[in-house]
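J.: Take this structure first; my questions come after.
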Amino acid sequence: MLRAVLALLLALAAGSGLAQSYPARSVKIVVPFGVGGPADIYGRFIAAKLQDALGQPFVVEDRPGAGSIVGSDAVAKSPADGYTLLVMSNTHTVNETLVPKKPFELMKDFAPITGINYSDLMLVIHPSVPAQNLREFIAYARANPGKLNYASSGTGTPSHMAGELFKSMAGVDIVHIPHKGSDQARTAILGGQVQMMFDAITTMNTNAKAGKVRALGTSGAKRSPVSPDVPTVAEAGVPGYETTIWLGLMAPAGTPRPVLEKLNAEVNKILASAEVRETWGKQGAQPMGMSIDAFDKFLRADVAKWAKVVKASGAKAD
């Protein structure tokens, strides 16, 4: 028993020392999505704040591709030392069911740190589409099955699953056109190459207000305070519709718990600041912030939630 107690004390001391010395060099944060999307924008914000707080560079690297799988796999195979982190989203919990043969498992190959934020998506159409509201768009889509397209930032991403959920609940046949990132998908809807898109309200709202796209609905349970004149999809024509996009921070599995706890504490401190709550609130994003164990529980529940949606919608990896 004495040996066991001594071993525990030594382990605690070593862990405490590791947390105190971390980080001793530059930390890389991989964003497995395209430049200009929510993950990129908020990932860079968190990186800058962590750099200020911890005194070492936190460098963001965008590695989009295969609906987040390319960049995520690179992090999963990185050393578990806290120097390579991953910005993730509900794309990852969706992909557990949608892409079962991917080269990693979310809850096996990654260690949760904390949630970052969540926001509504905005359903927009190109102005050339002859519909002024969601009911008119649904009628038009039903009259033209398979002739309309919708863009997403990649297979399994929130914009993809929001579209599939909409198709299933609205009873319409609209073709999914995946892109490598939200910037490319956004370019497609702005240029009229596709007719519809679900995009994060934090990045699409300015285009809607400028008249570059027509906003037909937002995806949350209630209207967004940043665009209160736009009805929810549920009230505009698809009762019961609701989904959001959220972001979180992960590390490779096996990363020392003291390092995870230090990152958790620092990120949650950032999320609790008045600056974040005020600035992000104006953009339509709400900070999440939670303990490591609470985020782990959240992730497992989200995997189960999206497994039901994927199976019910019949969505397939393109």
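The values are calculated or read from the model by the stated rules, or taken from the named source; none is laboratory data. For clarity, every value in this text was computed on a predicted model and none was experimentally measured. When we count neighbours, we look across all protein chains shown, and the Cβ atoms used for this are built from the backbone with ideal geometry, even at glycine. Remember, those area values only see protein heavy atoms, side chains included, never the ligands or the DNA or RNA. Shrake-Rupley method; radii C 1.70, N 1.55, O 1.52, S 1.80 Å.
J.: Assuming a ≥ b ≥ c are the square roots of the Cα gyration tensor eigenvalues, decide whether region 234-318 counts as rounded (a/c under 1.5), prolate (otherwise, with a/b larger than b/c) or oblate.
T.: oblate
J.: While we're on this one: Provide the solvent-accessible area of residue 136, counting protein heavy atoms only and rolling a 1.4 Å probe, rounded to the nearest 10 Å².
T.: Per-residue accessible area (residue 136): approximately 80 Å².
J.: Compute, for region 199-318, the length of the dipole vector about the Cα centre, with Cβ point charges of +1 (Lys, Arg) and -1 (Asp, Glu) only. Units Debye, rounded to 20.
T.: 200 debye
J.: What per residue convex hull volume, in Å³, do the alpha-carbon atoms of the chain yield?
T.: 131 Å³
J.: What share of the DSSP beta bridges in the chain is antiparallel, in percent to the nearest 5?
T.: 60 percent
J.: Something else now. Ignoring ligands, DNA and RNA, how do 88, 169 rank by accessible area with a 1.4 Å probe, largest first?
T.: The residues order as 169, 88, largest area first.
J.: If you average the C-alpha positions of region 254-285 and of region 66-120 separately, how far apart do those two centres end up, in angstrom?
T.: Answer, in whole Å: 18.
J.: In addition: Need the full-extension length gain, residue 296 to residue 52, defined as separation in residues times 0.36 nm minus the C-alpha distance. One decimal, nm.
T.: Stretched fully, the residue 296-residue 52 segment lengthens by 85.2 nm.
J.: Further question: Have a look at 233, 111, 281 and report the one farthest towards the positive end of the charge dipole of the chain, computed about the Cα centre with Cβ charges (Lys/Arg +1, Asp/Glu -1).
T.: Farthest towards the positive pole: 233.
J.: In addition: At a 1.4 Å probe radius, carbon and sulfur cover how many percent of the accessible area of the chain?
T.: Of the solvent-accessible surface of the chain, carbon and sulfur hold 56 percent.
J.: Once you sort the root eigenvalues of the Cα gyration tensor of region 243-283 as a ≥ b ≥ c, which label holds: rounded (a/c under 1.5), prolate (a/b larger than b/c) or oblate (the other case)? Don't skip to the end; give the middle numbers.
T.: Details: a/c = 4.97, a/b = 1.67, b/c = 2.97.
Oblate, because a/c is 1.5 or more while a/b does not exceed b/c.
J.: Here is a follow-up. Given 25 °C and 0.890 mPa s, how large is the Stokes-Einstein diffusion coefficient of region 68-109 in µm²/s, with Rh as the Kirkwood radius over Cα pairs?
T.: Calculated translational D: 229 µm²/s.
J.: Here's another thing I want to ask about it. Please report Rg over Rh for region 22-89, where both radii come from the alpha carbon positions and Rh follows the Kirkwood definition.
T.: Taking Rg over the Kirkwood Rh, I get 0.96.
J.: Here's another thing I want to ask about it. By how many degrees, between 0 and 90 and to the nearest 10, does the Cα long axis of helix 292-313 differ from the longest principal axis of the chain?
T.: Relative to the chain, helix 292-313 is tipped by roughly 30 degrees.
J.: Roughly what angle does helix 2-21 make with the longest principal axis of the chain, taking Cα atoms, 0 to 90 degrees, to the nearest 10?
T.: 60 degrees
J.: Give the lysines whose C-alpha is closer than 27 Å to that of residue 316, dropping any in the same chain fewer than 8 places away, or say none.
T.: Qualifying lysines at Cα under 27 Å: 77, 101, 102, 108, 147, 167, 180, 297, 305, 308.
J.: Ok, one more. Quick one: angle between helix 134-143 and the longest Cα principal axis of the chain, in degrees between 0 and 90, rounded to 10, please.
T.: 70 degrees
J.: Here's a follow-up. Calculate, for region 188-297, the solvent-accessible area per residue in square angstrom, rolling a 1.4 angstrom probe over the heavy atoms of the protein chains.
T.: Heavy-atom SASA per residue in region 188-297 reads 40 Å².
J.: Determine the dipole magnitude for the chain: charges of +1 sit on the beta-carbon of Lys and Arg, -1 on that of Asp and Glu, nothing else is charged, the reference point is the Cα centre, and the result goes in debye to the nearest 20.
T.: That gives a dipole near 260 debye.
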